[in-house]
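Notes to accompany the following structure.
The values are calculated or read from the model by the stated rules, or taken from the named source; none is laboratory data. Because the structure is a prediction, the values reported are computed rather than measured. Every residue, glycine as well, gets a Cβ built from its backbone with ideal geometry; the counts of neighbours run over all protein chains shown. All accessible areas refer to the heavy atoms of the entire protein, side chains included, with ligands and DNA or RNA removed. Shrake-Rupley method; radii C 1.70, N 1.55, O 1.52, S 1.80 Å.
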Amino acid sequence: MGCDLKVQESFVFDPGTSELFTFGAKTPWEWIQTNPGNEYNYLIEAIKHAGLEEEFSNTTSKRTYFLVKDDGWNVISNSILNKEFGSNSTLIADTDPVKLRNILLYYIVPQYIDQGPGLLQTLDVNYEVKTLSKDPINNFMTLRRDWNYAIGLNYSEDLPSTSMATPCRLHNYIFSNGNSVAHILTGHARIAPFE
């Protein structure tokens, strides 16, 4: 028996995920220093103050970086400077470099995690991942992706009340010839106040 439906018009498929931002051999540190949109001033200063230029220049180990824009450092009430150092008006130069180092290392995961479905295979499930932070409590985070492949940090109901969650605003900035990937944040995440 035949079908009397018309042949569908051709179209361009839209998968609903964002375009990948690929930066070739450029490292995250090289890119951050270009200060796109003038939104990474605090991150640049923090990386220098904590002595982490080499870690953000890594080209040999798989890494996922969560890069915090200036708003996440000093604008919102849950900012890094307010929650970890007492005030949004705190200067990076006046922070404890060891504590700052642990905060920055918290935002680095020693494996490559994009929007999925590699590690984040199931929607709305919390995946615990280790971070590079040496802080005794803040050495892991949970990642969860939603139906639109957006990643959120620390949205697990099982975390202590001191935890803070934040969504990724932009995803899949690919660096170091595909060795590392970055996601952009405008907020702060943690398990407990950093020591």
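Compare Leu104, Leu153, Leu123 in a GNM of the chain, Cα atoms joined below 10 Å, and give the one with the largest fluctuation.
Leu123
Roughly what angle does helix 97-106 make with the longest principal axis of the chain, taking Cα atoms, 0 to 90 degrees, to the nearest 10?
Tilt relative to the chain: about 10 degrees.
Provide Asp4, Asp96, Asp146 ordered by accessible surface of protein heavy atoms (probe 1.4 Å), highest first. Each step should come with its number before you reach the end.
Details: Asp4 145, Asp96 80, Asp146 50 Å².
Result of the area sort, largest leading: Asp4, Asp96, Asp146.
Test of understanding: in a Gaussian network model of the chain with alpha carbons linked when under 10 Å, which of Ser61, Ser161, Ser79 would top the mean-square fluctuation ranking?
Ser161
Counting only protein heavy atoms and using a 1.4 Å probe, what share of the accessible area of segment 51-118 belongs to carbon plus sulfur, as a whole percent?
Details: 1300 of 2830 Å².
Solvent-exposed carbon and sulfur of segment 51-118 make up 46 percent of the total.
How many nm is it between the label spots at Phe140 and Gln111, if each spot is 7 Å from the Cα in line with the beta carbon?
According to this spin-label approximation, the distance is 1.2 nm.
Could you state the accessible area per residue of the chain in Å², with a 1.4 Å probe and every protein chain left in place? Spell out each step's value before the answer.
On the way: 10100 Å² over 195 residues.
For the chain, the per-residue accessible area is 52 Å².
Amide H to amide H, which residues 5 or more places from Thr22 or on other chains are under 5 Å from it, using H placed in the peptide plane?
Ile174
Each residue of segment 154-169 in order: what ³J(HN,Hα) in whole Hz does its phi give by Karplus 6.51 cos²θ - 1.76 cosθ + 1.60, θ = phi - 60°, with x for Gly and Pro?
Whole-Hz 3J(HN,Hα) from phi for segment 154-169: 6, 8, 6, 6, 7, 7, x, 5, 7, 6, 10, 10, 7, x, 6, 8.
By how many degrees, 0 to 90 and rounded to 10, does the Cα axis of helix 41-50 deviate from the longest principal axis of the chain?
Compared with the principal axis, the helix lies near 50 degrees.
Peptides 28-41, 106-119: what's the order by average Cβ count within 10 Å, highest mean first? Write down the numbers at each step before the final one.
On the way: 28-41: 14.9, 106-119: 17.6.
Ranked from most to least packed, the peptides come out as 106-119, 28-41.
If one computes the Cα centroid of segment 100-136 and of segment 49-70, what distance in Å separates the two points?
After rounding, the separation between the Cα centres reads 13 Å.
Within segment 21-185, how many Lys pairs that are eight or more residues apart, or on different chains, come under 17 Å at the alpha-carbon?
On the way: Lys26/Lys62; Lys48/Lys69; Lys48/Lys99; Lys62/Lys130; Lys69/Lys83; Lys83/Lys99; Lys99/Lys134.
The result is 7.
With loop defined by DSSP as not H, G, I, E or B, and exposure as at most 13 other Cβ atoms within 10 Å, which is the longest segment of the chain clear of exposed trypsin sites (Lys or Arg not before Pro)? Don't skip to the end; give the middle numbers.
Numbers: sites that count: Lys6, Lys134.
Result for the longest clean stretch: 7-133.
Before anything else, pin down the relative contact order of the chain: Cα pairs under 8 Å, at least 6 apart, normalised by residue count, whole percent. Mind showing how you got there, number by number?
Values: 382 pairs, mean separation 50.8, N = 195.
Relative CO of the chain lands at 26 percent.
Which of rounded, prolate, oblate describes segment 21-185, given a ≥ b ≥ c as roots of the alpha-carbon gyration tensor eigenvalues and a/c under 1.5 marking rounded, otherwise prolate only if a/b is larger than b/c? Spell out each step's value before the answer.
Working: a/c = 1.57, a/b = 1.11, b/c = 1.41.
It comes out oblate by the Cα gyration axes.
Would you mind computing, in nm to one decimal, how far apart the modelled labels at Val98 and Lys130 are, each placed 7 Å from Cα along Cα→Cβ?
Going by the 7 Å Cα→Cβ label model, 2.2 nm.
Considering the chain as a Gaussian network with a 10 Å cut-off on Cα pairs, which listed residue, Gly72, Gly86, Gly178, attains the greatest mean-square fluctuation?
Gly86
Report the dimensions of segment 105-195 along its three principal axes from the alpha-carbon atoms, largest first, rounded to Å.
If we take the Cα atoms of segment 105-195, the spans are 35, 28, 22 Å.
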